[in-house]
Amino acid sequence: MRRKSVLYMDVAEQIKADILSGKYPVGSLLPTESELEELFGVSKITIRRAIEILADEELLEKKSGKGTTVLSDRPYNKISKAGTFTEYLHESGLDIVKKSLQLELIDLPKDSAAYDCLGAEAVKFSRLYLLDDRPYIYFNYFLPKELSDVSIEKFSKDSLYRILDQHSIEIFRFEDSFQIVELTAEQQALLDTTEKMAMKRIRRSFGKKNQVVEFSEALYNTAMHPYVIEYEA
């Protein structure tokens, strides 16, 4: 623990990490307040404040007489109740597979949108999504250079937003924009298509201080399947 003034934040961060690691699965109950007091060696007030923070993030739900239930293991849960597009494809019975292409620390051109967001250097991660074994989405992620210690194997295995969370990079809001673009010959080859046009999604993810912590560009071959956003009521 660092400073007493932020003790409840340390406890909240550890409980959150335990949720994300699967120690406390979705639907399970957290240990009781008394058990958490003993586990962390802190007061009941500190435990209650930590739980309040995680409940505000919609990771936990506390009910009098029933205990505290884990609602979600998504680090970005509070941002949006929209299901991800890949989740939608899976639930529709379609086979979607991720294929990592390249991971490198690069110098960004000053005239690029990514430079405006992240500065001179960024980690660039390229990925291809296959839909029923056919190239469907081509992604380029531009991320803070602090992630240069992460291996391509970890990027392939874990959620990007979980990796950001593990590096104490929190996301507080997303901004997506969409446009129809003409594919270059290289992009047509990557997507294995003769289609001349595709949908481009540009995402900016913002941290607590309104700084961009992720800039990504994705090309969707919507001739194969339309882009769908599904929301919970």
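If the segment from GLU121 to SER100 were pulled out straight at 0.36 nm per residue, it would be longer than the present Cα-Cα gap by 5.5 nm.
Multiplying the residue separation of THR86 and LYS62 by 0.36 nm and removing their Cα-Cα distance gives an extension gain of 5.6 nm. If you sort LYS99, LYS196 by accessible surface, 1.4 Å probe, largest first, the order is LYS196, LYS99.
Which FRET efficiency value, to the nearest 0.05, do you get for TYR227 and HIS167 by plugging their Cβ-Cβ distance into 1/(1 + (r/R0)^6) with R0 = 35 Å? Write down the numbers at each step before the final one.
Values: r = 29 Å, r/R0 = 0.83.
It comes out at approximately 0.75.
Shown are LYS66, LYS23, whose ranking by accessible area with a 1.4 Å probe and every protein chain present, most to least, is LYS66, LYS23.
Think of each Lys and Arg Cβ as +1 and each Asp and Glu Cβ as -1; about the Cα centre, that makes the dipole of the chain roughly 640 debye. Full extension of the chain between LYS145 and ILE180 yields a length gain of 9.6 nm, computed as 0.36 nm times the residue separation minus the alpha carbon distance. Taking every protein chain into account, the 1.4 Å probe leaves VAL26 with about 80 Å² of accessible area, to the nearest ten. From helices alone, the chain scores -8000 deg cm²/dmol at 222 nm; the rule is -39500 (n - 2.57) for each run of n ≥ 4 DSSP H residues, then divide by the residue total. Ligands, DNA and RNA excluded, the heavy atoms of THR194 present near 130 Å² of accessible surface to a 1.4 Å solvent probe.
According to the square roots a ≥ b ≥ c of the eigenvalues of the Cα gyration tensor, what is the shape class of segment 137-189, taking rounded for a/c under 1.5, prolate for a/b larger than b/c otherwise, and oblate for the remainder?
Details: a/c = 2.77, a/b = 1.58, b/c = 1.75.
Oblate is the answer for segment 137-189, as a/c is 1.5 or above yet b/c matches or exceeds a/b.
The values are calculated or read from the model by the stated rules, or taken from the named source; none is laboratory data. Here the structure is a predicted model, which means the values were calculated and not measured. Cβ sites come from the backbone with ideal geometry, for glycine too, and all protein chains shown count toward neighbours. Heavy atoms of the whole protein, side chains included, go into the accessibility calculation; ligands, DNA and RNA do not. Shrake-Rupley method; radii C 1.70, N 1.55, O 1.52, S 1.80 Å.
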